[in-house]
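What follows is a set of notes on a single structure, which appears directly below.
The values are calculated or read from the model by the stated rules, or taken from the named source; none is laboratory data. All figures in this text were calculated on a predicted structure; none of them were measured in a lab. Note that each Cβ is placed from the backbone with ideal geometry, even for glycine, and that neighbours are counted across all protein chains shown.
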Amino acid sequence: MDNAIVINDNEFLRQFEHKTDHGIAKIEYSLQERKIFLTKLIVPEELDDVDFKNAFIKTVLDSIQERNLRVVPTSPKIASFLRKNKQYKDLLPVGVRI
């Protein structure tokens, strides 16, 4: 697995993308005011392992944090990641619990 995950924010398709030899891993989103709703995680079958998914989600969340946005995880996989990684709890909007 490539340790450096580089993401592209494809604003037209509203998704964060990471291109690999096996295809594109993506997290679809919806942006409303200062909140970003992470709606779906899609990973190529060859990369469908926990370590890659966690690294990809972490990279996307770090990017969102730099943009000072709040995260509302509507994808069960992303919500599960946030539950296990409390360091991202401050990204949740006031009143949103997971």
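Looking across the stretch 21-53 at every residue that is of a type outside the set (A, V, I, L, M, F, W, C) and in contact with an Asp or Glu (Cβ under 7 Å, 6 or more places away or on another chain), the one that is nearest to Pro93 (Cα to Cα) is identified as Thr39.
Residue-wise test of (1) surrounded by 14 or more Cβ atoms within 10 Å (Cβ to Cβ); (2) among the polar types (S, T, N, Q).
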residue: Glu17; (1), (2): yes, no
residue: Glu45; (1), (2): no, no
residue: Asp48; (1), (2): no, no
residue: Asn68; (1), (2): no, yes
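Lys53 meets the stated requirement of being over 19 Å from Leu13 (Cα atoms) and within 13 Å of the chain's Cα centre (by Cα). Among the residues making up the stretch 19-39, a single one is loosely packed, with under 15 Cβ neighbours inside 10 Å and touching a Ser or Thr at 6+ places or on another chain (Cβ under 7 Å): Ser30. Checked against (1) part of a loop (DSSP other than H, G, I, E, B); (2) modelled with pLDDT of 95 or more; (3) touching a Lys or Arg at 6+ places or on another chain (Cβ under 6 Å), Glu17 meets all criteria but (1). Taking the conditions (1) touching a helix residue (DSSP H, G or I) at 6+ places or on another chain (Cβ under 9 Å); (2) modelled with pLDDT of 95 or more; (3) in a loop (DSSP other than H, G, I, E, B) in turn, Val6 satisfies each one other than (2).
Taking every residue in the stretch 31-59 that is of a type in the set (Asp, Glu) and pairing it with any residue that is assigned to a helix (DSSP H, G or I) and loosely packed, with under 11 Cβ neighbours inside 10 Å, at least 6 positions away or on another chain, yields no pair with a Cβ-Cβ distance below 9 Å.
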